[in-house]
1. Taking the condition of being farther than 11 Å from B:Leu93 by Cβ and away from chain A (no Cβ under 11 Å), how many residues in the stretch B:144-173 meet it?
2. Among the residues of the stretch A:100-118, which ones are of a type in the set (A, V, I, L, M) and surrounded by fewer than 21 Cβ atoms within 10 Å (Cβ to Cβ)?
3. Find all pairs meeting these conditions: Cβ atoms under 7 angstrom apart; at least six residues apart or on different chains; first residue within the stretch B:52-73 and within 21 Å of B:Pro118 (Cα to Cα); second residue in a helix (DSSP H, G or I) and among the aromatic types (Phe, Trp, Tyr).
4. Among the listed residues B:Ala71, B:Ala13, B:Ala24, identify the single one that is more than 12 Å from DNA strand D (Cβ to nearest atom) and buried (at least 20 other Cβ atoms within 10 Å of the Cβ).
5. Determine which single condition A:Arg68 fails, assuming it passes every other condition in (1) under 20 Å from A:Met110 (Cα atoms); (2) within 13 Å of DNA strand C (Cβ to nearest atom); (3) of a type outside the set (A, V, I, L, M, F, W, C).
6. Going by the structure shown, is A:Leu158 among the aliphatic types (A, V, I, L, M) and touching a residue at least 24 places away in the same chain (Cβ under 8 Å)?
7. Out of all the residues in the stretch B:74-84, which are assigned to a helix (DSSP H, G or I) and either without any contact (Cβ under 8 Å) to a residue 24 or more places away in the chain or among the charged types (D, E, K, R) (or both)?
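The values are calculated or read from the model by the stated rules, or taken from the named source; none is laboratory data. Fair warning: this is a prediction, and the values are worked out from it, not measured in the lab. Note that each Cβ is placed from the backbone with ideal geometry, even for glycine, and that neighbours are counted across all protein chains shown.
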Protein chains: 2
Amino acid sequence: MPYRPTALTRKNAEDKRDGFLRAARALVATGGFRAATVAAIAGRCQASVGSVYSYFDSRDRLLAEVFRSAAGHEVDLVRQAVADSGRDARHRLGELIRIFSGRALHGRRMAWALLFEPAGPVIEAERLVYRRCYTDLGEQIIRDGLAARMFVAPDVRLASSAVMGAVSEALVGWIRPDSPEPSPEEQENAIEGIRAFCFRALDVSVAGGTS
Amino acid sequence: MPYRPTALTRKNAEDKRDGFLRAARALVATGGFRAATVAAIAGRCQASVGSVYSYFDSRDRLLAEVFRSAAGHEVDLVRQAVADSGRDARHRLGELIRIFSGRALHGRRMAWALLFEPAGPVIEAERLVYRRCYTDLGEQIIRDGLAARMFVAPDVRLASSAVMGAVSEALVGWIRPDSPEPSPEEQENAIEGIRAFCFRALDVSVAGGTS
DNA sequence: GGGCGATGTGAACCGTGATTCACTCCTTGC
DNA sequence: GCAAGGAGTGAATCACGGTTCACATCGCCC
């Protein structure tokens with residue numbers, strides 16, 4: 001490789017970098033961030049530990065990038081399913097819950113890593129913005145539902161948090177790494193149950209008393 | 001000290017053991033489990049690192065005991081406030097939410113340690129039973145509310161999980177170690193908001209549609 | 001008062017895994 | 001061919017905190 005970066009070297013370098021990211025992502029999807037040690041990542045690429053460090057400042061940065069990439073993908077899928085395409089807020093909130101849960105139950109290990117796995121402060125910070133994305137999505141939908149007099153919610157942000165909290169709590173039991181694989185109908189029941197719970201809390205069709 | 005344990009030695013030993021537990025608890029209440037290193041615990045008792053190990057098998061066991069003690073105390077307070085003392089289910093569920101949240105917002109650091117702080121598998125296991133206690137409490141109340149035709153809930157356990165999830169999610173923003181101290185009225189609003197959300201989801205007075 | 005075992009000490013040890021760096025290996029420009 | 005650097009290597013190093021253990025200390029019992 002030459003003295004000044006050429007198109008080829010640049011591409012090679014990018015490929016290599018990308019290889020590390022893919023390897024790390026695969027490891028996370030299998031065993032969580034805990035399993036994505038620098039040695040394992042390098043090994044998976046038949047590269048040396050040291051070479052990882054010529055592409056990334058630190059393991060934390062590498063994993064943060066993996067997190068953003070994986071989490072961003074998930075959020076995009078949900079955002080797409082929830083896009084304001086003429087459907088009403090109730091349908092869109094249902095899709096939010098369904099897609100989010102469905103994805104989590106599909107890639108359980110990855111979902112666990114993204115949502116719950118204990119990790120260092122850097123990952124934790126990424127997780128914060130990740131969760132916030134979903135809450136923001138929910139908030140927007142609820143706001144729309146409010147405008148359409150379809151939902152009732154004195155505090156929109158709180159309501160969105162509550163929905164996400166309820167969903168998370170329902171999911172954590174299923175995607176914890178040492179919990180048994182849930183059967184499809186168990187999954188279905190859980191998701192629909194949560195959806196129903198949230199709708200009962202939000203629907204205007206009901207004349208809820210507060211205390 | 002004698003060849004056979006006498007009343008005095010036994011008491012001394014118990015006191016010392018207790019001292020370590022108190023020290024550890026104080027450290028957890030200040031900086032979470034992370035801060036409760038063996039050295040810090042010993043230091044706080046003006047004892048040596050090694051002596052800790054003549055009272056506890058391992059740091060994990062010590063911290064597990066701290067967890068159980070602290071968590072047990074919290075659960076007891078809630079259980080007491082929620083005891084079936086002639087009050088209706090709505091009131092009792094409200095108390096569950098109020099006391100749980102109130103306690104968490106009072107001892108924020110400890111609540112964070114008990115509910116959210118990333119920690120080793122042993123603590124994580126304790127946390128599981130701790131959370132389950134609350135869910136069980138909620139489940140019982142909701143069941144009572146169901147019997148009194150005051151609540152509606154197709155799946156009681158799911159409903160209880162959802163309530164705890166909603167409360168947790170609302171709390172995590174306030175008790176995260178680096179978040180600013182919330183003002184009393186902010187707390188009040190958050191708690192009442194969650195309470196209202198949950199009641200809207202559960203109250204029979206409303207004729208909720210599901211999808 | 002002397003010895004024995006309970007008790008206390010804390011420096012050394014260990015395991016884990018990230019990070020570094022002196023070195024080798026290439027490719028390229030001349 | 002060959003020198004200059006960039007890229008790759010992986011053993012050594014570091015950081016961290018839990019755990020051990022050889023030794024010191026103490027106070028009761030005979």
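1. Matching residues across the stretch B:144-173 total 4.
2. Across the stretch A:100-118, the qualifying residues are A:Leu105, A:Leu115.
3. Final answer for the pair search is B:Leu62/B:Phe20; B:Leu63/B:Phe33; B:Ala71/B:Tyr130.
4. Of the residues listed, the single one that is more than 12 Å from DNA strand D (Cβ to nearest atom) and buried (at least 20 other Cβ atoms within 10 Å of the Cβ) is B:Ala71.
5. (2)
6. Judged against the criteria, A:Leu158 is not a match.
7. Once the filter is applied, which keeps residues that are assigned to a helix (DSSP H, G or I) and either without any contact (Cβ under 8 Å) to a residue 24 or more places away in the chain or among the charged types (D, E, K, R) (or both), the stretch B:74-84 yields B:Glu74, B:Asp76, B:Arg79, B:Gln80, B:Ala81.
Condition check ((1) closer than 23 Å to A:Ser168 by Cα; (2) out of contact with any helix residue (DSSP H, G or I) (no Cβ under 8 Å at 6 or more places or on another chain); (3) within 15 Å of DNA strand C (Cβ to nearest atom)) across all residues:
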site: A:Ala23; (1), (2), (3): no, no, yes
site: A:Gly31; (1), (2), (3): yes, no, yes
site: A:Arg34; (1), (2), (3): yes, yes, yes
site: A:Ala39; (1), (2), (3): no, no, yes
site: A:Arg44; (1), (2), (3): no, no, yes
site: A:Gly86; (1), (2), (3): no, yes, no
site: A:Arg92; (1), (2), (3): yes, no, no
site: A:His106; (1), (2), (3): yes, yes, no
